[in-house]
Structures are given as structure tokens and as C-alpha cells.
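Below: one structure, written as C-alpha cells.
The values are calculated or read from the model by the stated rules, or taken from the named source; none is laboratory data. If you're wondering where the values come from, they're calculated on a predicted model, not measured in any experiment. When we count neighbours, we look across all protein chains shown, and the Cβ atoms used for this are built from the backbone with ideal geometry, even at glycine. Surface areas here come from the heavy atoms of the whole protein model, side chains and all, with no ligands, DNA or RNA. Shrake-Rupley method; radii C 1.70, N 1.55, O 1.52, S 1.80 Å.
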Amino acid sequence: MTELTADYDVLLGEDVPMLDLRAPVEFIQGAFPSASNLPLMTDDERARVGTCYKQQGQAAAIALGHQLVSGEVRAGRLQAWLDWLDANPRGVIYCFRGGLRSQTVQQWLAEAGRPVLRVEGGYKALRRRLLAVIEQEFRQPGYVLAGLTGSGKTDWLGRTPLALDLEAYAHHRGSSFGHWGEPQPTPIDFENRLAIARLKQRRAGITPWLVEDESAMIGRCPLPLSLYQRMQQSPLLVLEVPFEQRVRQIQHDYVDLMQARFGNDMARLGDYLQGGLKRLYKRLGDREWRRLSAIMDEALTAQARGLGSDGHQAWITELLERYYDPIYRRHLAAKEARVVKRGDAGELADWLASRHQADTSPTTTLCSIGKDN
């Protein structure tokens with residue numbers, strides 16, 4: 001078995017388990033979905049070694065690193081790496097640049113009788129590959145799915161393998177009520193998830209892509225500029241859904257599902273819904289905001305009494321009619337020349353499938369990198 005692997009597409013495209021040896025502060029800033037963080041050095045140890053390197057040079061820094069990670073500390077971390085490899089026999093290791101940290105751990109593991117592949121170029125090389133995917137692979141023709149708020153666009157994306165669910169990667173629905181009640185990924189992690197999803201499409205022989213019509217930001221996650229610019233030029237599919245169905249869809253997505261996500265904690269659900277409405281305060285104006293807030297409170301009270309969530313349809317209806325629909329219709333009118341198909345969920349799915357059936361059949365087999373022979 002070779003000591004290094006540079007098959008980045010296999011590592012990322014097949015979710016090969018990766019052991020990230022960087023310090024926690026580095027991992028938090030950006031990582032990969034299949035990576036686990038068991039660092040060689042803690043944040044404090046890394047900072048001390050970095051200071052030593054600046055003041056005394058590389059040799060002194062390496063010596064300090066070995067001093068800090070020695071004895072029982074080294075034994076404990078080595079055992080954690082061995083346990084991880086037992087649970088992930090296909091796993092590989094990396095540090096930031098594939099340098100001293102991963103080389104050291106690789107040597108210690110080999111001495112413990114557990115050789116392991118090290119990623120050539122480390123995190124930086126893997127990240128560079130994903131940035132290249134974003135820059136290159138969205139040059140292929142693609143589509144943007146549009147539709148009035150509540151049309152169920154996100155649900156519809158699951159009908160076609162061409163789809164990339166930007167909101168799922170961002171953990172946000174892209175609206176004032178869009179946060180999931182949990183932290184969003186860092187912008188780097190969002191880009192990594194998007195790029196990996198596109199890489200998997202291409203490895204499966206899928207050339208065209210489809211994304212939902214989004215603004216430049218999904219919550220706190222910015223879309224890569226190259227993708228956003230491409231979206232402004234791509235053909236539009238418009239999902240058309242009756243108004244009443246859209247009201248029920250929003251009730252389901254933003255009330256019922258969030259109630260379940262919050263473990264039926266009605267106080268938390270109330271804070272979530274009122275917080276989303278508050279974000280529209282400037283556009284609604286004080287009087288309208290207060291009126292809708294009161295309607296929302298009444299619906300929440302009825303819901304807490306076990307009377308169901310239908311009371312929320314009142315404020316949902318008014319927000320659609322007075323706020324969301326006028327804005328989105330103006331937005332869509334400016335793009336009318338790019339619309340290539342309008343229809344309901346079935347019609348759009350059939351139209352798209354008829355044009356790209358040959359582009360959606362898997363052609364790639366899994367690679368056996370790191371597997372025992």
C-alpha cells in the first residue's frame with residue numbers, strides 16, 4: 001500500500017472517512033462531511049508551537065511539539081486514532097497541507113502496526129479541488145426552478161437527480177422564516193457540501209444541473225459568485241400551484257414541521273414564528289406588523305390548546321397576498337424571457353425527464369481505495 005493518496009474525487013465523491021488532524025479551531029472554520037476531528041495538538045498547543053516557530057525556527061518548534069504530545073498524552077491520542085481506524089477501516093488521514101502533523105501521526109500509527117493512507121496536500125488540496133468543481137462544473141447547462149412562495153419547490157427537487165438542494169446544504173429555507181432552529185454551516189462548509197454534491201452528479205454521469213431560484217445569500221451562507229452569476233443566465237422552470245395549496249404548504253413547512261423539530265415546545269415555536277415576522281417589520285410597517293403578530297399569537301394559543309394549526313392560515317394568507325406574492329411576481333416578470341416551461345409538479349418532472357433521460361443514468365462504480373484486499 002502506498003503512503004499517499006491524491007485521488008481527491010474518490011475521497012470526496014464516495015464519502016471516504018477522513019481523519020482530520022488539524023486543531024479544533026481550524027476544523028470549525030471549514031471541513032468535509034465525511035471528516036472527523038481528532039487533532040494531533042489542541043488549539044493551545046498549536047499556538048505555542050506556532051509562536052516557537054516564529055521566534056526560534058522550525059527545529060525548535062518540532063521539538064516543542066514532540067514535548068507537548070508525549071508520554072500519556074501521546075498514548076491517549078494514539079489510542080483514539082486506532083479506535084477510529086478500527087471503526088473506519090477505509091479511513092485516511094490529513095492535516096492542513098499534508099505536512100509534519102499527518103506525517104508524524106502516520107509514522108506513529110505504522111509503528112503501532114496500523115499503516116494508513118495520508119492525503120497528499122492535505123485539507124488545502126481537497127479544498128482546492130472542490131473550489132475547482134464549483135468554478136468548472138457549473139459551466140455545464142443547467143436550470144433554475146422558480147415559483148411563488150409556498151409552491152413546494154424544495155420538495156419538488158427530489159423528483160429529479162439533476163437537482164442540487166441549496167437550502168439543505170445551507171440549513172436554511174432562504175426566507176425571513178427560513179432558519180431551521182439550528183446553526184447554519186460556515187460559508188466554507190456550505191461550499192464544500194455544494195461542491196461534493198455536484199462532484200457526485202458528475203461521477204454518476206449527470207451533466208445538467210437544477211437549483212432553486214435563490215438570492216445571493218441563503219441565510220448567512222453566500223452562494224458562490226460563479227454559480228450565482230450562472231443562475232442569472234440559465235433557463236427557468238416555473239412551478240405553478242393553487243393558492244390554497246401554497247397556504248397549506250407553508251403551514252406544513254413553517255408551523256407543523258417546526259413544531260415537531262422543536263419537540264412540541266410551543267414557546268420555542270412562538271419565538272421562531274414571531275422572530276420571522278419581526279424580520280419583516282420595516283417592510284410591513286408598525287401597524288401591519290402588530291396586527292399580524294396578534295393574529296399569529298391567537299393561532300399559537302389555539303394550537304397550544306390542542307385545536308390544531310389551521311389558525312395560522314390567516315396570517316399566512318395575508319403575508320402571501322400583501323407581501324410575498326407581489327414581490328415575487330415582480331421578480332419573476334423581470335426574468336420572463338428565460339422561462340422555458342410552466343406547469344404543475346408532474347408536468348415539470350415529465351418535461352425535464354424527457355429532455356435529460358440519457359444524462360441521469362449512473363455510469364460510475366465505487367472505487368476500492370483504502371479497502372482491505
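What the table shows:
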| quantity | calculated |
| --- | --- |
| Residue within region 120-131 that is farther than 21 Å from Leu223 by Cα and over 22 Å from the mean Cα position of the chain (by Cα) present | yes |
| Condition broken by Leu210, with the remaining ones in (1) closer than 22 Å to Val133 by Cβ; (2) in a loop (DSSP other than H, G, I, E, B) satisfied | (2) |
| Selection from region 40-62 of residues that are free of Cβ contacts under 8 Å to residues at least 40 places away in the same chain and either open to solvent by less than 60 Å² (accessible area, probe 1.4 Å) or not in a helix (DSSP H, G or I) (or both) | Thr42, Glu45, Ala47, Val49, Gly50, Cys52, Gly57, Ala60, Ala61 |
| Single residue of region 201-223 satisfying the filter (out of contact with any strand residue (DSSP E or B) (no Cβ under 8 Å at 6 or more places or on another chain) and either among the acidic types (Asp, Glu) or surrounded by 20 or more Cβ atoms within 10 Å (Cβ to Cβ) (or both)) that is farthest from His172 (Cα to Cα) | Ile206 |
| Only listed residue being in contact with a helix residue (DSSP H, G or I) (Cβ under 8 Å, 6 or more places away or on another chain) and either within 29 Å of Ala337 (Cβ to Cβ) or buried (at least 19 other Cβ atoms within 10 Å of the Cβ) (or both), chosen from Arg230, Arg246 | Arg246 |
| Unmet requirement for Trp84, which otherwise passes all of (1) closer than 18 Å to Tyr123 by Cβ; (2) touching a helix residue (DSSP H, G or I) at 6+ places or on another chain (Cβ under 8 Å) | (2) |
| Matching residues in region 266-278 - criterion: being out of contact with any helix residue (DSSP H, G or I) (no Cβ under 8 Å at 6 or more places or on another chain) and surrounded by 13 or more Cβ atoms within 10 Å (Cβ to Cβ) | Arg268, Asp271 |
| Gly65, sole failed condition from (1) open to solvent by less than 50 Å² (accessible area, probe 1.4 Å); (2) more than 19 Å from Pro17 (Cα to Cα); (3) modelled with pLDDT of 90 or more | (3) |
| Residue list for region 73-106, restricted to those being open to solvent by 50 Å² or more (accessible area, probe 1.4 Å), within 18 Å of Arg48 (Cα to Cα) and touching a residue at least 24 places away in the same chain (Cβ under 8 Å) | Arg74, Phe96, Leu100 |
| Tally of residues being part of a helix (DSSP H, G or I) and within 12 Å of Leu145 (Cβ to Cβ) across region 157-176 | 3 |
| Those residues of region 24-33 which are out of contact with any helix residue (DSSP H, G or I) (no Cβ under 6 Å at 6 or more places or on another chain) and surrounded by fewer than 17 Cβ atoms within 10 Å (Cβ to Cβ), in sequence order | Ile28, Gln29, Pro33 |
| Residues that are open to solvent by 50 Å² or more (accessible area, probe 1.4 Å) and farther than 16 Å from Asp265 by Cβ, drawn from region 299-313 | Leu307, Asp310, Gln313 |
| Among the candidates Gly346, Gly311, residue that is in a helix (DSSP H, G or I) and touching a helix residue (DSSP H, G or I) at 6+ places or on another chain (Cβ under 7 Å) | Gly311 |
| Residue among Ser70, Ser34 that is of a type outside the set (Val, Ile, Thr) and touching a residue at least 12 places away in the same chain (Cβ under 8 Å) | Ser34 |
| Any hit, region 144-155, residues being over 26 Å from Leu239 (Cα atoms), surrounded by fewer than 17 Cβ atoms within 10 Å (Cβ to Cβ) and of a type outside the set (S, T, N, Q) | no |
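A quick yes/no check of all residues on (1) closer than 29 Å to Lys124 by Cβ; (2) modelled with pLDDT of 95 or more; (3) not aliphatic (A, V, I, L, M):
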{"residue": "Pro161", "(1), (2), (3)": "no, no, yes"}
{"residue": "His172", "(1), (2), (3)": "yes, no, yes"}
{"residue": "Gln184", "(1), (2), (3)": "yes, no, yes"}
{"residue": "Ile188", "(1), (2), (3)": "yes, yes, no"}
{"residue": "Ala197", "(1), (2), (3)": "yes, yes, no"}
{"residue": "Gln201", "(1), (2), (3)": "yes, yes, yes"}
{"residue": "Pro224", "(1), (2), (3)": "yes, yes, yes"}
{"residue": "Leu237", "(1), (2), (3)": "no, yes, no"}
